[in-house]
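Novice: This is the structure I have questions about; it appears just below.
The values are calculated or read from the model by the stated rules, or taken from the named source; none is laboratory data. Given the structure is predicted, the values throughout are model-derived calculations rather than measurements. Backbone-built Cβ (ideal geometry, glycine too); neighbour counts: all protein chains shown. Side chains are part of the model used for accessible areas, which takes the heavy atoms of the whole protein and leaves out ligands, DNA and RNA. Shrake-Rupley method; radii C 1.70, N 1.55, O 1.52, S 1.80 Å.
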Amino acid sequence: MSAESLKTLLSHSIERETDLLRDYTIAAERIHDDDELKDRLRNFAEGNAKRSKQLTDELKKLK
């Protein structure tokens, strides 16, 4: 895989992770009657945030 292809892949992955982070956060904010589900969604969002950061760091190394 070329460096340019890898950069593109990482950029798209960051976008997907960020979209999921936003979706999980919004869903968690809208849930009022299930604290367990709300916590799980927040945990999913935190996982996406960590992956986004890791992907961003890898992308920076390639530039």
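Novice: Identify, from the list Lys50, Lys38, the residue that is open to solvent by less than 50 Å² (accessible area, probe 1.4 Å) and part of a helix (DSSP H, G or I).
Specialist: Lys38
Novice: Mind checking which residues of segment 4-30 are in contact with a Leu (Cβ under 6 Å, 6 or more places away or on another chain) and either more than 19 Å from Arg51 (Cα to Cα) or open to solvent by less than 60 Å² (accessible area, probe 1.4 Å) (or both)?
Specialist: We begin by selecting, within segment 4-30, every residue in contact with a Leu (Cβ under 6 Å, 6 or more places away or on another chain); these are 7, 10, 13-14, 24, 27-28.
Listed by number, the residues that qualify are Lys7, Leu10, Ser13, Ile14, Ala27, Ala28.
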